[in-house]
1. Under DSSP H, which helices of the chain have Cα atoms covering 24 Å or more of the helix axis and a Kyte-Doolittle average no less than -1.0?
2. What does the charge dipole of segment 204-304 about its Cα centre add up to, to the nearest 20 debye, if the Cβ of each Lys and Arg holds +1 and the Cβ of each Asp and Glu holds -1?
3. In the calculated pair distance distribution of segment 101-245, what percentage of Cα-Cα distances lie above 26 Å?
4. Counting pairs of alpha carbon atoms under 8 Å apart in space and at least six apart in sequence, what relative contact order in percent does segment 144-282 give?
5. Taking only DSSP H segments of four or more residues, each worth -39500 (n - 2.57), what value at 222 nm results for the chain once the sum is divided by all its residues, to the nearest 500 deg cm²/dmol?
6. Would you work out the Kirkwood radius for the chain? I mean one over the mean of 1/r across all pairs of different Cα atoms, in Å.
7. If you take the charge dipole of the chain about its Cα centre, with +1 on Lys and Arg Cβ and -1 on Asp and Glu Cβ, which of ALA174, ILE39, VAL61 is farthest toward its positive end?
8. As an exercise, identify the trypsin sites (Lys or Arg not before Pro) in segment 152-258 lying in DSSP coil whose Cβ has no more than 15 other Cβ atoms within 10 Å.
Amino acid sequence: ESLDKGLEKTKESFFGKLGRAVAGKSKVDDEVLDELEEILITSDVGVETTVKVIQRIEERVARDKYMGTSELDQILREEIAELLTENNTEDLADFKLPEGHRPHVILVVGVNGVGKTTTIGKLAAQFKGKGKSVVLGAADTFRAAAVDQLKLWGERVGVPVIAHGMNTDPSAVAFDAVKQGVETGADLVIVDTAGRLHTKVNLMNELSKIKRVMQKFIPEAPHEILLVLDGSTGQNAFIQAKEFTKATDVSALAITKLDGTAKGGVVIGISDQFKIPVKYIGVGEKVEDLQVFNKAEFVDSLFK
Ligand code: GDP
């Protein structure tokens, strides 16, 4: 399965280190816990979440008086599964739009290079494949490449892409995309945005403006603000999550490029720290490598 393959590096790195940490030891002691702490931090789980996990294991050791190193895998798995489920979000089994309103409008945010355009293309392909009609809006009007790339996805998937000239007002593109979605009775409108983070006030203003114009057609739009993060950047993904959640009301996360990185622990740390549901993960370049995030499957895959 591509999830297993995508998480291979994270798994190998994590369990390789864990294996070495407990080699020749039968009991989980302070030394093992110190090493575990370091392993979690170097797997990009994040300091806060690592401290939480270690504390929970310490509590269990204190309570049970003894913990064998052979049980450590299973206990870690339980603790991580519990952390992931604490934000109480439903596990998605498939690409599905919420019932009721149409079109469903998703605003996609994130810095350049994280896989925003690719994620939008893959989402369009997945939903189109399920018989949904999709409209894309290329509101990243600052990069010609981003617009071209989205158009390419549009052609490939067979969905319309609304685009204006370079350096035009992004909110005008968002306006036209939602307008077209409403007029054609589309199921889904996905709007790409520019990923400039260095000017936070501008980013906030730009996103507010985009939201305002969408609301001229649909008062509840955007129904989702999806932040795309590059999982292979580890701590940078945490920083971006922090900045974007300050700038706008991010409602879901997509974490890309988990294949080819040992930093897959970011999914656990970010999910725990931000309490925003991870909705999609990217484990490769192909359309089917964008998957809906399922906590149980993720943990299974990591501990298989
Ligand atoms: P944007 O600047 O945020 O729009 O980023 P792009 O969508 O252009 O993606 C940047 C690069 O990352 C492209 O080469 C994508 O093919 C690649 N990419 C995106 N998602 C994934 C993923 O899940 N796995 C891998 N291996 N590559 C990805």
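Quick note: the coordinates plus some simple rules give every number you see, no bench work behind them. Source: prediction; values computed, not measured. Using ideal geometry, Cβ is built from the backbone for each residue, glycine included, and neighbour counts are taken over all protein chains shown.
1. Working: long enough: 47-64 (25 Å, -0.48).
Flagged H segments are 47-64.
2. On the way: 13 positive and 13 negative charges, 75 e Å.
Dipole size: approximately 360 debye.
3. Values: 1809 of 10440 pairs.
Beyond 26 Å sits 17 percent of the P(r) for segment 101-245.
4. On the way: 152 pairs, mean separation 24.6, N = 139.
Across segment 144-282, relative contact order equals 18 percent.
5. On the way: 12 runs with 153 residues, N = 304.
Dividing the helical sum by the residues of the chain leaves -16000 deg cm²/dmol.
6. Values: mean 1/r = 0.0495 Å⁻¹.
Taking the inverse mean of 1/r over all distinct Cα pairs, the chain comes out at 20.2 Å.
7. ALA174
8. Details: sites: ARG156, LYS179, ARG196, LYS200, LYS209, LYS211, ARG212, LYS216, LYS242, LYS246, LYS257; in loops: ARG196, LYS216, LYS257.
Listed in order of number, the matching sites are ARG196, LYS216.
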